[in-house]
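Derivation of every value follows stated rules applied to the coordinates shown; laboratory data play no part. Bear in mind the structure is a predicted one, so any value in this text is a computation, not a measurement. A quick note on method: Cβ atoms are made from the backbone with ideal geometry, for glycine too, and the neighbour counts reach across all protein chains shown.
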Amino acid sequence: MTRPLALALTGPTASGKTGAALALAQAWSSRGGLEIISVDSALVYRDMDIGTAKPTSSELSSVPHHLIDIRDPMQAYSAAEFVRDAESLMQQIRARGRLPLLVGGTMLYFKTLLEGLSDMPQANAEVRAQLQEDLKQQGLDALYHRLQTIDPVTAARLAPADTQRILRALEVWQLSARPISSFQIRDTQAPVRKDIAMISLEPVERSWLHTRIAQRFDQMLEQGLVDEVQDLRARGDLHADLPSMRCVGYRQVWEALDQSTPLNVMRDKGIAATRQLAKRQITWLRSMPHRHAVAADADDALPQVLALAQALMQG
């Protein structure tokens with residue numbers, strides 16, 4: 001069997017990916033070393049450190065990291081851009097004689113990397129401008145009802161207040177005369193590439209993960225998450241519908257500041273949103289039969305990851 005091009009380490013939020021990745025880096029130091037490619041749609045943004053659980057400066061300096069702090073919060077970063085960057089980085093890291101280690105929990109990035117890009121239309125400035133004008137003149141409710149008519153499958157899975165995704169679904173329809181759900185259904189049938197070995201940290205007991213999520217969110221609050229969001233708001237050019245500000249944690253704090261929500265209510269909403277994110281991530285993972293799952297809540301989870309990584313990368 002051919003040795004894989006790269007190793008991937010994934011799992012739901014708060015499952016221990018960062019610690020396991022650093023342990024793998026230490027273990028690989030005598031084998032030529034490795035470099036980490038972040039697979040996280042929040043870590044790409046600068047000045048968003050606390051709420052993204054960004055690795056510390058010492059962690060970042062202990063092993064080369066890529067695709068962290070590469071965008072301003074005003075900018076978007078698509079799955080297609082991630083695939084382009086990750087493909088290039090994997091080849092560069094291999095050329096340096098090191099192992100590319102893809103680490104993160106943005107499952108759309110992983111899915112796109114493993115199954116390939118669809119022919120879904122790219123963003124179109126003219127169409128988007130017209131939709132923005134429709135939004136201004138008619139309101140979001142009218143656009144959501146329009147989506148319910150042309151693509152009830154997508155409308156059913158989107159929140160009526162999800163401006164970004166509603167506009168994107170309408171944009172795809174106008175450009176292709178096809179519902180965005182038709183592209184996504186086809187993608188689930190795409191072949192999976194075999195040259196990336198995937199290890200997934202998945203807890204057996206959901207309560208274990210819920211406890212860690214609450215502890216980490218409380219730690220973020222203690223470290224100054226609210227102040228971090230206030231600083232971002234103070235820039236004056238950011239708003240709640242940007243992809244960066246829709247990241248879990250940031251969205252809840254932004255809304256709390258808008259509505260003068262009590263801290264304890266905002267905390268509960270942030271924890272609940274993070275738990276929902278973890279649930280979606282686990283659902284995505286279960287649709288990836290090629291992954292090698294390790295019980296994240298097992299006492300020997302880390303030794304299992306190290307042993308499995310060694311076995312997988314022997315080829």
Requested in this report: For segment 176-315, restrict the atom set to alpha-carbon positions and state the Rg and Dmax in Å.
Outcome: 19.4, 56
Report task. Using only Cα atoms, locate the centre of segment 238-266 and the centre of segment 137-216, then give the distance between them in Å, rounded to an integer. Result -> 21 Å
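Under a Cβ-only charge scheme (Lys and Arg +1, Asp and Glu -1), can you give me the dipole magnitude of segment 176-315 about the Cα centre, in debye to the nearest 20?
700 debye
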Query raised in the report: Out of Leu117, Leu131, Leu43, any idea which swings most in a Gaussian network model of the chain, alpha carbons joined below 10 Å?
Result: Leu131
Query raised in the report: Using r as the Cβ-Cβ distance of Gln219 and Val192, and R0 as 41 Å, what FRET efficiency do you calculate, to the nearest 0.05?
Result: 0.70
**Report entry** Percentage relative contact order, the chain, counting C-alpha pairs under 8 Å, at least six apart
**Finding:** 29 percent
Query raised in the report: Whole-Å semi-axes of the chain's equivalent ellipsoid, largest first, each the root of 5 times a Cα gyration tensor eigenvalue?
Result: 33, 25, 18
Query raised in the report: If you keep only loop residues by DSSP, which trypsin sites (Lys or Arg not before Pro) in segment 196-248 have at most 14 other Cβ atoms within 10 Å of their Cβ?
Result: Arg235
**Report entry** Residue of Glu228, Glu35, Glu126 that the Gaussian network model of the chain assigns the largest fluctuation, springs spanning Cα pairs under 10 Å
**Finding:** Glu126
Report summary line: Nearest 10, in degrees from 0 to 90: the angle of helix 140-150 to the longest Cα principal axis of the chain is 70 degrees
Report summary line: The number of Lys pairs in the chain whose alpha carbons lie under 25 Å apart, excluding pairs fewer than 8 residues apart on one chain, is 11
Query raised in the report: Kirkwood-based Rg over Rh for segment 125-187 (C-alpha set), two decimals?
Result: 0.94
**Report entry** 10 Å-binned pair-distance histogram of segment 1-113 (Cα, whole percent)
**Finding:** 14, 49, 33, 4, 0
**Report entry** Acute angle (nearest 10 degrees) that the helix 225-234 long axis makes with the longest principal axis of the chain, alpha-carbon atoms
**Finding:** 50 degrees
